[in-house]
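Note sheet for the following structure.
The values are calculated or read from the model by the stated rules, or taken from the named source; none is laboratory data. Just so it is clear, the structure is predicted and the values come from calculations on it, not from any experiment. Glycine gets a Cβ as well: all are built from the backbone with ideal geometry, and neighbour counts include every protein chain shown. Heads up: the accessible areas ignore ligands, DNA and RNA and are worked out on the full protein's heavy atoms, side chains in. Shrake-Rupley method; radii C 1.70, N 1.55, O 1.52, S 1.80 Å.
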Amino acid sequence: MSNQKSSGNSQSFLSPFTRFNKRFPSTLYIAKWLVICSITGALIGSSSALFLVSLDWATQTREANGWIIWLLPVAGFAIGLLYHYFGKEVERGNNLLIETIHDPKEFIRFRMAPFVLLGTVTTHLFGGSAGREGTALQMAGAIGEQFSKLCRLNAYDRKILLISAISAGFGSVFGTPLAGAIFGLEVFLIGRLKYDAIFPAFASAIIASLVTDSWQVKHTHYHIPLIPEMSFANIIYAIVAGIAFGIIAAVFSKTIHFCTQQFKQHIAYPPLRPVVGGLIVSAGVWLIGTRYIGLGIPVIVESFTIQLAPYDFALKIIFTIITLSAGFKGGEVTPLFFIGATLGNALSYFIPLPTGLLAGMGFVAVFAGATNTPLACILMGIELFGSECGVFVAIACVVSYLLSGHTSIYRSQVYGGPKTSSTDKPSTW
């Protein structure tokens, strides 16, 4: 009897804060992550703004000085030396971020951020074919990792912080916060989403995107001029296009890994790999022109409105794979946008869907197949092109994801579930 009375008294003397926390257990979680995500999101959004401004400067400088492409091998040698002697522990880039989410033992040093920023801007300045997603994610991950140490987060919370940082980096650099949030939740574990990180991922992506916009940094706007009505015939056409996008996504992923291995196997000294790659890209520019180097945004925009050469996507694949597999810095995603949009444009020669719609479908669907992130890519399509194209974009992304098979541009992605009920788990990625 006395024990029951004592227990009752202890309950009655619980502080109002404790009783409130027991009744609303998510309150502390939300408050904690809102503070962390506000700070990291602001820093990541600002770093993305700096990065985008730097890329614009590099692109304009290169276009105004065409001769600079001949210095690409020299620039490659400098990047190679920087990473070989000072940046070996961060050279794995996005794969290091994914590995740390799965097994947060190795601390990611802050030097990843300035190294990848300098390497990527140099790559674009001198004419390499690369993107920006890889750089944005690595800068964001490096910033987030420092806060995990500053806040003394445990291993579990450290994973969540890295996921939210990736979401912030992706969402802010492309101006697609919803897609960024889902990308961070989706990219590291294929087939599953980490729902306990959903609030930090969305909060970070939205805050970082708002901060980037507040710096008056402009994102490219894309427009699909004509979207047809839904019909059985148009759905079939979308499925056929999705198959093509998935095949090209798989080809790109497998080829870039193969070429990377060849560079490593045949050139033992790492700083010499980008020298050779730079010579090949420079020779290609001399033969073909500058259409397939850099981000390629003007060509992507053209693909929505005018008929392009049907081989544009293939040449961009070649230039991008040589650039990145040789050791230059940057991301694969914007080149994948180029490849997908121009492939969609080429498919309009024989698939009776509007050229702009096929370009938009390819823009996100090749990316979906190459990264195994179909949900993020569907949201990206809706954010960039509007909800009217949502069904067509969804069909293309899902089919591409299924048809790309067990491939990915990120080797460290972990297989969390089969793509179909009849799919066996692959032994390696």
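Below are the figures for this structure:
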read-out	value
Odd one out for Gly131 among (1) over 12 Å from the mean Cα position of the chain (by Cα); (2) part of a loop (DSSP other than H, G, I, E, B); (3) in contact (Cβ under 8 Å) with a residue 60 or more places away in the chain	(1)
Selection from the range 396-407 of residues that are on the phi < 0 side of the Ramachandran plot and either in contact (Cβ under 8 Å) with a residue 60 or more places away in the chain or of a type in the set (Phe, Trp, Tyr) (or both)	Ala396, Cys397, Val398, Val399, Ser400, Tyr401, Leu402, Leu403, Ser404, Thr407
Residue that is in contact (Cβ under 8 Å) with a residue 12 or more places away in the chain, among the hydroxyl-bearing types (Ser, Thr, Tyr) and more than 23 Å from Gln60 (Cβ to Cβ), where the choices are Thr290, Thr260	Thr260
Residue that is nearest to Val35 (Cα to Cα), among those in the range 150-181 that are β-branched (Val, Ile, Thr) and under 11 Å from the mean Cα position of the chain (by Cα)	Ile166
Single match in Leu71, Leu14, Leu81, Leu96 (criterion: out of contact with any Phe, Trp or Tyr (no Cβ under 8 Å at 6 or more places or on another chain), modelled with pLDDT of 80 or more and more than 30 Å from Trp215 (Cα to Cα))	Leu81
Tabulated pairs, the range 202-222, first without any contact (Cβ under 8 Å) to a residue 60 or more places away in the chain, second crowded, with 20+ Cβ neighbours inside 10 Å and aliphatic (A, V, I, L, M), C-beta under 7 angstrom, 6+ apart or interchain	Phe202/Ala181
Residue satisfying all of: in the range 375-395; farther than 19 Å from Thr220 by Cβ and in contact (Cβ under 8 Å) with a residue 60 or more places away in the chain; most open to solvent (accessible area, probe 1.4 Å) among these	Glu388
Criterion violated by Pro228 - all others in (1) open to solvent by less than 30 Å² (accessible area, probe 1.4 Å); (2) more than 22 Å from Leu295 (Cβ to Cβ); (3) part of a loop (DSSP other than H, G, I, E, B) satisfied	(1)
Unmet requirement for Asn372, which otherwise passes all of (1) under 20 Å from Gly171 (Cβ atoms); (2) touching a residue at least 24 places away in the same chain (Cβ under 8 Å); (3) out of contact with any strand residue (DSSP E or B) (no Cβ under 8 Å at 6 or more places or on another chain)	(3)
Test: His223 is in contact with a Gly (Cβ under 9 Å, 6 or more places away or on another chain) and surrounded by fewer than 17 Cβ atoms within 10 Å (Cβ to Cβ)	yes
Thr122 part of a helix (DSSP H, G or I) and within 11 Å of Gly330 (Cα to Cα)	yes
Unique match (being part of a helix (DSSP H, G or I), farther than 30 Å from Gly289 by Cα and among the hydrophobic types (A, V, I, L, M, F, W, C)) among Leu34, Leu55	Leu34
Filter result (modelled with pLDDT of 95 or more and either open to solvent by 50 Å² or more (accessible area, probe 1.4 Å) or in a loop (DSSP other than H, G, I, E, B) (or both)) within the range 193-215	Ile198, Phe199, Phe202, Ile206, Leu210, Asp213, Ser214, Trp215
Cross-chain or 6+ apart pairs with Cβ under 7 Å, the range 77-103 first and of a type in the set (D, E, K, R), then open to solvent by 10 Å² or more (accessible area, probe 1.4 Å)	Glu89/Arg109; Glu99/Ser412
